[in-house]
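The values are calculated or read from the model by the stated rules, or taken from the named source; none is laboratory data. A quick note: this is a predicted structure, and the numbers were derived from the prediction, not measured. Cβ coordinates were reconstructed from backbone atoms using ideal geometry, including for glycine residues, and neighbour counts include every protein chain displayed. Accessible surface areas use protein heavy atoms only, side chains included; no ligands, DNA or RNA. Shrake-Rupley method; radii C 1.70, N 1.55, O 1.52, S 1.80 Å.
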There are 2 protein chains.
Amino acid sequence: MSHASRRTALRALVREAGLDALLVTDLVNVRYLTGFTGSNAALLLHADGDARTRFGTDGRYLTQSAAEVPDLVPVIERATARALIGRAAALDVAALGFESDAVTVEEHRALVDAAEGVTLERAPGLVQQLRVVKDDTEIDALRRACAIADAALADLIAAGGIREGRTERDVALDLEERMRRLGAQAPAFESIVAAGANSAIPHHSPTGAQLRRGDLVKLDFGALVDGYHSDMTRTFVLGPPADWQRELYDLVARSQAAGRAAVLPGTQVSDVDKASRSVIADAGRGEQFLHGLGHGVGLQIHEAPALSASGRGALAEGMAVTVEPGVYLEGRGGVRIEDTLVVLAGAAEPITLTTRELVEL
Amino acid sequence: MSHASRRTALRALVREAGLDALLVTDLVNVRYLTGFTGSNAALLLHADGDARTRFGTDGRYLTQSAAEVPDLVPVIERATARALIGRAAALDVAALGFESDAVTVEEHRALVDAAEGVTLERAPGLVQQLRVVKDDTEIDALRRACAIADAALADLIAAGGIREGRTERDVALDLEERMRRLGAQAPAFESIVAAGANSAIPHHSPTGAQLRRGDLVKLDFGALVDGYHSDMTRTFVLGPPADWQRELYDLVARSQAAGRAAVLPGTQVSDVDKASRSVIADAGRGEQFLHGLGHGVGLQIHEAPALSASGRGALAEGMAVTVEPGVYLEGRGGVRIEDTLVVLAGAAEPITLTTRELVEL
């Protein structure tokens, strides 16, 4: 879908909210609606159409914005959002929505000061409502991001990159370089490589700790491609697994399979969480599953919908979500298995393709 | 300075603002005050002392927070800020400041809902007031970050990494890998490598464009070390420079030297900008210097103070700032030269040590 079509879709929501225009200041939302990738921008999206819509950025992005956003009238000023608000009245805007879930209390005060003849109204989450369902271009980018992560992990393993004596940091660096060489712009987030007892820390920053025989080694990482994030986790064992490691792995694998099977259009997100979590709870380990089941992914690594007990709403076709149960035994080790999936008409398609079997390295 | 001493210093500002406590929700500020490096946390800093101060995070960070923040009472709940607010009244907090420059309008509403018996008051920038002056630990981290960037660039050049036929993306990846291997946690930001006409784009994302003989090649990059960011820019020429390239380079180098010389404690930040900018304006190229002169660096890549015409306030000992004038000739090429400097008692010390002479590659 083109950026112009996304703006058209947003206009319906803007009118529905009783607004004449929406001031989009969240940079991710600006990128979604215009294609602009710089670090300072805002969009005054007029409900009437693109002719009265204005795109704002500053002088550093003069050339880039002309190339990336050729179809909107530019406003080049450093105080971008305020500059756009100053033009709103002249564009016949009376009720102007602002992204109250992105604008800080202080920024809001500055906008109110600049809003002569215009009423600012809270309008949280309008662009996110669109973003939660991915179009073909987006799903394609997510697929490519997932494929790079899969391939980088396969290469890392083939090269013997996950082995005794290497540090967590070595492994993370090696993995990230492989993703970059395979075409990722950057890692999607700070990679987690956690070995031995560290694998029991859900979000562990790689350290100088060396991998040792018998360790569980958990890798949680992803690739950034055209602004889209992939997210996957695999847990390996160095050498033959101990019984407790095998049991833990099997439990998490069964929970993850149950979670994946529950990812269907129309299913409540809390029910997806429950389907996966109940497997772990039934085994008496509910307390050791310390986080939600998963989250949407797209232009942000964490976005709607949240797959958790407290999450609200149902899945719909075109959503992209992670399913990532984990069980963490403090001081011993933990297992997490995570895929990214796309919700299709009658099922979900995992776009993370690495095996989910326990692999001994 | 220890995290506890920083909290003590902050308490003076909190009391001065007439507050009983400050709810710190900006993650960078939480890190500065506690050492916590995870992705979800908040701090209820009580003006009375650490005994009544509470540190909040969620279950994913149970182990990590115990290790990183052993000296504060933890509150482990997913809705961290709200959980802390809920405990404020019991800790004898009546007037509670919140970071209105970090809290969104929607988050503020949720906090107000949770604030029974407590009055929320806007308190922007209190932690930033402290952060703007770096202590020895911080300056040491900045020095190491700058040293890694310098060394990576030297290595890249020595290896012939900036050469005809390579793409901008190749060069960026090579440089970033070298920084990682030298000990950086990550690049400090998305590296800019811009060759030929692209060098006239101040913030240019590396593309598949190949470097060609005669090109100006601009690299703007930095290393992240212990959470601290370095920031430097150098512009090279592939082969002997044309006259216009030499002239442009000399102009920017003179402007940058004037800017560095103006970095002194007590000098208004706008005067530093002016000292550097006037050199370029006098040469009739003021319109082609498209951005501010520089910015503070620390736990964020851009922080206070802003060195710009509209910036307010004076430099003080212990500040760390960049000085980065540039002149951009659209369609032809641009030059920027940037160092990070630390403001000392009677002068500024550049902690970027790479030569500022024009280097032919």
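Quick notes
- Occluded residues from the range A:167-199, i.e. those whose accessible area drops by 50 Å² or more once the chain is not alone (1.4 Å probe): A:Leu173, A:Glu177, A:Arg180
- Under the Karplus curve 6.51 cos²θ - 1.76 cosθ + 1.60, θ = phi - 60°, whole-Hz ³J(HN,Hα) for the range A:322-331, x wherever Gly or Pro sits: 9, 10, 8, x, x, 10, 10, 9, 4, x
- Ratio Rg/Rh, restricted to the range B:136-350 and using Cα atoms, in which Rh is the Kirkwood radius: 0.96
- Neighbouring Cβ atoms from other chains, within 10 Å of the Cβ of residues in A:38-47, number 1 on average.
- Its relative contact order, with pairs defined as Cα atoms under 8 Å and 6+ residues apart, puts the range B:3-130 at 27 percent.
- Rg of the Cα atoms in the range A:259-338, relative to 2.2 N^0.38 Å, amounts to 1.09.
- Positive minus negative residues near B:Leu344 (Lys, Arg vs Asp, Glu; Cβ under 15 Å): -4
- Simple spin-label estimate for B:Glu330 and B:Thr137 in nanometres, 7 Å along Cα-Cβ: 4.8
- Along its three principal directions, the equivalent ellipsoid of the range B:206-304 from the Cα gyration tensor extends over semi-axes of 26, 22, 10 Å, largest first.
- Heavy-atom accessible area buried between chains B and A is around 2900 Å² (1.4 Å probe, both sides summed).
- Note on B:His291: accessible area is roughly 20 Å² with a 1.4 Å probe, heavy atoms of protein only.
- Gain upon complete extension [B:Glu357, B:Thr167; 0.36 nm per residue less C-alpha separation]: 66.0 nm
- Label distances, nm, B:Gln210 versus same residue in remaining copies, Cβ-directed 7 Å point: 4.5
- Exposure check, 1.4 Å probe, all protein chains in place: A:Arg166 carries approximately 40 Å² of accessible surface.
- Restricting attention to the range A:3-130, close to 40% of DSSP beta bridges with both partner residues there are antiparallel.
- Size of the range B:3-130: Rg and Dmax of its alpha carbons, in Å, are 12.9, 36.
- Chain A, accessible surface, carbon-and-sulfur percent (1.4 angstrom probe): 50
- Model label points for B:Asp271 and A:Glu349, set 7 angstrom from Cα along the Cα-to-Cβ axis, are 6.5 nm apart.
- Each residue was assigned an accessible area with a 1.4 Å probe, and for A:Ser2 the value is about 60 Å².
- Rg in Å to one decimal, and Dmax rounded to a whole Å, for the range B:29-95 via C-alpha atoms: 11.1, 32
- Our summary gives the range B:275-331 a relative contact order of 39 percent, counting only alpha carbon pairs under 8 angstrom and 6 or more residues apart.
- The range B:277-301 and the range B:198-223 have Cα centres separated by 18 Å.
- DSSP beta bridge pairing in the protein assembly as shown, given as percent antiparallel to the nearest 5: 75
- Sorted largest first, the spans of the alpha carbon positions of the protein assembly as shown along the three principal axes are 76, 58, 54 Å.
- Sorted on the mean count of surrounding Cβ atoms within 10 Å across their residues, most packed first, peptides A:131-137, A:229-235 read A:229-235, A:131-137.
- Chain A: antiparallel DSSP beta bridges as a percent of all, rounded to 5: 75
- Put A:Asp20, A:Asp243 in order of accessible area, highest first, and with a 1.4 Å probe you get A:Asp243, A:Asp20.
- Note that the protein assembly as shown presents 38 Å² accessible area per residue, ligands and nucleic acids not counted, probe 1.4 Å.
- 3J(HN,Hα) along the range A:51-64: 4, 9, 8, 10, 10, x, 7, 10, x, 4, 10, 4, 5, 4 Hz, from the Karplus curve 6.51 cos²θ - 1.76 cosθ + 1.60 with θ = phi - 60°, whole Hz, x for Gly and Pro.
- In order along the range A:107-113, the phi-based Karplus estimate (6.51 cos²θ - 1.76 cosθ + 1.60, θ = phi - 60°) of 3J(HN,Hα) comes to 4, 4, 4, 5, 5, 4, 4 Hz; Gly and Pro are listed as x.
- Over the range B:94-148, equivalent-ellipsoid semi-axes from the Cα gyration tensor in Å: 35, 12, 8
- At a threshold of 30 Å², the residues of the range A:102-134 that become less accessible to a 1.4 Å probe in the full protein assembly than in their chain on its own are A:Thr104, A:Val105, A:Glu106, A:Arg109, A:Arg122.
- With contacts taken as Cα pairs under 8 Å and at least 6 residues apart, chain B reaches a relative contact order of 14 percent.
- Label-point spacing at B:Gly346 relative to the other copies reads 8.4 nm, in ascending order, each point sitting 7 Å out from Cα along Cα→Cβ.
- Mean-position separation - Cα centroids, the range A:1-76 and the range A:138-191, in angstrom: 34
- Rg to Rh, two decimals, where chain A supplies the alpha carbon set and Rh follows Kirkwood: 1.04
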